[in-house]
Amino acid sequence: FLEGVAQGRILGHRCGVCGQVIVPLKGMCSKDGVPTTEEVELPGTGTVTTFAVNNLPDPRAPEVPFVSAYILLDGADLPMLALVAGIPADQVRMGMRVKAAWRPREEWDKSMDNIKWFEPLDEPDVPFEAIKDYV
């Protein structure tokens, strides 16, 4: 996974049994208990499924309060935890569409720090019914 992030790619694995796409890739499907090897590249866009507003400082966050959220990337079946910024914390909402905000390429290494956070997209929110199973 981090090799992909070092190249500006978000990679997951597809389970050969249930077909679920797991991001970040873990090498095993937690549902079926089988190894996963089929690599899937995902876009840097997704939907906020749930979130928390944090009021304690964090060196990764741009300001306090900040939002940590579970983001269901487009094409994935499990949400991943990330920061959300570029919008006041009190305006983040479930169903909000977001995209990865990458650091400048010259700052990249093999870490999730290559993605600063996710920021809002100018797209309509996803209805709760479409994400309720990921909350």
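The values are calculated or read from the model by the stated rules, or taken from the named source; none is laboratory data. If you're wondering where the values come from, they're calculated on a predicted model, not measured in any experiment. Counting neighbours? That spans all protein chains shown, and the Cβs are built from the backbone with ideal geometry, glycine included. These area figures cover heavy atoms from the full protein model, side chains too; ligands, DNA and RNA do not enter into them. Shrake-Rupley method; radii C 1.70, N 1.55, O 1.52, S 1.80 Å.
Worth pointing out:
- Scanning the range 102-111 for residues that are exposed (fewer than 15 other Cβ atoms within 10 Å of the Cβ), in a loop (DSSP other than H, G, I, E, B) and either in contact (Cβ under 8 Å) with a residue 24 or more places away in the chain or among the hydrophobic types (A, V, I, L, M, F, W, C) (or both) yields a total of 3.
- Residues of the range 123-135 that are modelled with pLDDT of 95 or more, closer than 20 Å to Gln91 by Cβ and open to solvent by 60 Å² or more (accessible area, probe 1.4 Å): Glu123, Pro124, Asp125, Pro127, Phe128.
- Residue tally, condition touching a residue at least 24 places away in the same chain (Cβ under 8 Å), in contact with a Leu (Cβ under 8 Å, 6 or more places away or on another chain) and either open to solvent by 40 Å² or more (accessible area, probe 1.4 Å) or farther than 15 Å from Ile10 by Cα (or both), over the range 34-46: 3
- Members of the range 62-101 found to be part of a strand (DSSP E or B), under 20 Å from Pro43 (Cα atoms), open to solvent by less than 70 Å² (accessible area, probe 1.4 Å) and touching a residue at least 24 places away in the same chain (Cβ under 8 Å), listed by number: Ala69, Ile71, Leu72, Leu73, Met80, Ala82, Leu83, Val84, Arg97, Val98, Ala100
- The condition of being surrounded by 12 or more Cβ atoms within 10 Å (Cβ to Cβ), out of contact with any strand residue (DSSP E or B) (no Cβ under 6 Å at 6 or more places or on another chain) and closer than 27 Å to Val92 by Cβ holds for only one of Gly12, Gly8, that being Gly8.
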